[in-house]
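Asks: Take this structure, written in structure tokens, and hold onto it; I'll ask about it next.
The values are calculated or read from the model by the stated rules, or taken from the named source; none is laboratory data. Bear in mind that the values here come from a model prediction, so they are computed numbers and not experimental data. Heads up, the Cβs are rebuilt from the backbone with ideal geometry, glycines too, and the neighbour counts pull from every protein chain shown.
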Amino acid sequence: MIIGGGPGGTTCATHAARLGAHVTLIEKDIVGGAAHLLDCIPSKAMIATGGAMALMKHAQEMGLAKVEVSLDFDALRERILEIEQKLEHSVTSLLLSQGVRIIEGMGTMTGPNSVAVSHNDGKSSELEADVIVLATGSRPRIPDWAPIDGQRVLTTRHAYPPPELPERLIVIGSGVTGVEFVHMFKSFGSEVTLIVSRQQVLPDKDPEVAAVLEQSFLHQGVKLLMGARAESITSSDGVVRVSCDDGRVAEGSHALLAIGSVPNSEGLGLDEAGIEHEWGYVKVDHNSRSNVENIYVAGDLSGKLPLSSVASTQGRKIAEHAMGLHAGRHRHLDYDKAASAIFTDPEIADVGLAEADAFAEGRKIRVTKVPFSVSAKALINNDSRGFVKIVSDPATGVVLGGSIVGRHAAELISVLALAITASLTVTDLVESLFVHPALAEVLGEAAE
Ligand SMILES: Cc1cc2nc3c(=O)[nH]c(=O)nc-3n(C[C@H](O)[C@H](O)[C@H](O)COP(=O)(O)OP(=O)(O)OC[C@H]3O[C@@H](n4cnc5c(N)ncnc54)[C@H](O)[C@@H]3O)c2cc1C
């Protein structure tokens, strides 16, 4: 029995069914989850539209006549809806083809093997299961000083797309979600102010990587309020004011809050089932299993890396473990090897050991960095910004980590992710015959 139909729940459901389990999936809203409906997919769809606009604005540099381009907000809205519907349809079809029973409703555990369901059609029922998987995800954190109205003061849940295109947007929070919003709305032509609580955007990332993004934002005219912590928001007569702890006040037409998330654990029956949790996140072991033997957790609710890719991998691993495959080819999920990307301009992606963390641990590493300006393909693409950085073991050459800043970084990082998972060396990368001309050649150069 799986509660929650996001990437964690649906991947677990299809794998468990393939392995022979009778699977029931309970979803209260839409199969595909917040990932498909509210977070990853609509955000990336809007960023892709902004990217297309940016390319067209540079048309003359590519040998084309000047083109005038403007956003068609209604067409964008339809496009996002269409993508979401297609994804929902394909995930639902996959689940049904594997024999998964889908129940539309809200699931609440009443004990370690029982779930009460409030069906969306008003009925209710009580179901029993040998194994329960909780995959209910998370939602935006809203502090009590933020009067969210969904019109002018927004969270990420109101922004894909927002009710209207913000003329002057204030983004609060400079983590991954915040900087993606800055990039997205700037590319649509909004004036953007970013409130950064520390002295670096993307405070958890390599400072060199963050610096490239900061420069790009400044170059595009984004106003950065560094070292400022938002502490109140007022909205009247179409003007939104965000006051910060250092006395500065940002003014705009809209404000968007991107300051993290909280788990969807209320009403789930964690205490009734005897499950240990902290701040609503369920504590799990290396098999994504809670303290109750037959109850597992996939996705954001587990408090691990809040990524769709991590949620679905946890789901797959849970299916294998619950179906008794852990003695064979099953490998534990190694969160340190998860690749992640930030879909800004330029794109940013990283995987494995970060240079700063290695220094902090006093670990010996070798770091090589090659800029995309050496690449013929980058010149052809009319975009030579960014670099590839590879972190390796100086004694063995084994690839330990890497960061990529530049066009298609989110795709290129997969090469390094595979190298890290398979314990390949920099020599293996050098010996790989990459396509020419291709941006991936820069990976070979950095490895060399
Ligand atoms: C703005 C934004 C952009 C993002 N972009 C990316 C990205 O580019 N790449 C990436 O890898 N990650 C991205 N993420 C993170 C990603 O969206 C999450 O990590 C992912 O959605 C987690 O999946 P999940 O399965 O845990 O839950 P969710 O996708 O949140 O799904 C949980 C589901 O459970 C349902 N549910 C909840 N409670 C109950 C209940 N009691 N009964 C029945 N159903 C219930 C909900 O309706 C929901 O459908 C982004 C997040 C945000 C906020």
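Asks: Please determine, by comparing only the residues of segment 129-160 that are under 26 Å from Phe73 (Cα atoms) and among the aliphatic types (A, V, I, L, M), which one is surrounded by the fewest Cβ atoms within 10 Å (Cβ to Cβ).
Replies: Initially, segment 129-160 is screened for residues under 26 Å from Phe73 (Cα atoms), giving 139-140, 147-160.
Next cut, among the aliphatic types (A, V, I, L, M) only: 148, 153-154, 159.
Values: Ile148: 18, Val153: 22, Leu154: 25, Ala159: 26.
Per the stated criteria, the residue is Ile148.
Asks: Does Glu214 satisfy the criteria of being outside the structural domain of Ala52 (by TED's automatic domain parsing) and loosely packed, with under 15 Cβ neighbours inside 10 Å?
Replies: Taking the combined requirement at face value, the residue does not satisfy it.
Asks: Within segment 240-256, work out how many residues are in contact with a Ser or Thr (Cβ under 7 Å, 6 or more places away or on another chain) and more than 14 Å from Phe185 (Cα to Cα).
Replies: Matching residues across segment 240-256 total 5.
Asks: Further, regarding this structure: Of all residues being within 16 Å of the ligand (Cβ to nearest atom) and within 20 Å of the chain's Cα centre (by Cα) in segment 312-335, which is farthest from Ile2 (Cα to Cα)? Just the residue, please.
Replies: To start, the set of residues in segment 312-335 that are within 16 Å of the ligand (Cβ to nearest atom) comprises 312-319, 333, 335.
Retained after the next criterion (residues that are within 20 Å of the chain's Cα centre (by Cα)): 312-317, 333, 335.
Details: Ser312: 13, Thr313: 15, Gln314: 13, Gly315: 10, Arg316: 13, Lys317: 14, Leu333: 20, Tyr335: 23 Å.
Among them, the one singled out is Tyr335.
Asks: Scan segment 286-311 residue by residue and report those that are over 15 Å from Ser261 (Cβ atoms), of a type in the set (Val, Ile, Thr) and under 22 Å from the mean Cα position of the chain (by Cα). I'd like the intermediate steps shown before the answer.
Replies: So the first thing to find is which residues in segment 286-311 are over 15 Å from Ser261 (Cβ atoms), and the list is 286-298, 309.
Checking which are of a type in the set (Val, Ile, Thr) leaves us with 292, 295, 297.
Passing the criteria: only Val297.
Residue by residue, here is whether (1) surrounded by 13 or more Cβ atoms within 10 Å (Cβ to Cβ); (2) within 28 Å of the chain's Cα centre (by Cα); (3) not in a loop (DSSP other than H, G, I, E, B); (4) not assigned by TED's automatic domain parsing to the domain that holds Leu301 holds:
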position: Gly221; (1), (2), (3), (4): no, yes, no, yes
position: Leu225; (1), (2), (3), (4): yes, yes, yes, yes
position: Ala228; (1), (2), (3), (4): yes, yes, no, yes
position: Ser235; (1), (2), (3), (4): yes, no, yes, yes
position: Val242; (1), (2), (3), (4): yes, yes, yes, yes
position: Gly247; (1), (2), (3), (4): no, no, no, yes
position: Ala250; (1), (2), (3), (4): yes, yes, yes, yes
position: Gly267; (1), (2), (3), (4): no, yes, no, no
position: Asp271; (1), (2), (3), (4): no, no, no, no
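Asks: Filter segment 137-187 down to the residues that are in a loop (DSSP other than H, G, I, E, B) and closer than 15 Å to Leu224 by Cα and list them by number. Show your work before the answer.
Replies: Taking segment 137-187 and keeping what is in a loop (DSSP other than H, G, I, E, B), we get 137, 141-152, 159-167, 173-175.
Matches in segment 137-187: Gly173, Ser174, Gly175.
Asks: Return the residues of segment 2-28 that are on the phi > 0 side of the Ramachandran plot and more than 6 Å from the ligand (Cβ to nearest atom); say none if nothing qualifies. Steps first, answer last, please.
Replies: Looking only at segment 2-28, we keep the residues that are on the phi > 0 side of the Ramachandran plot, and these are 4, 20.
Scanning segment 2-28 gives a single hit, Gly20.
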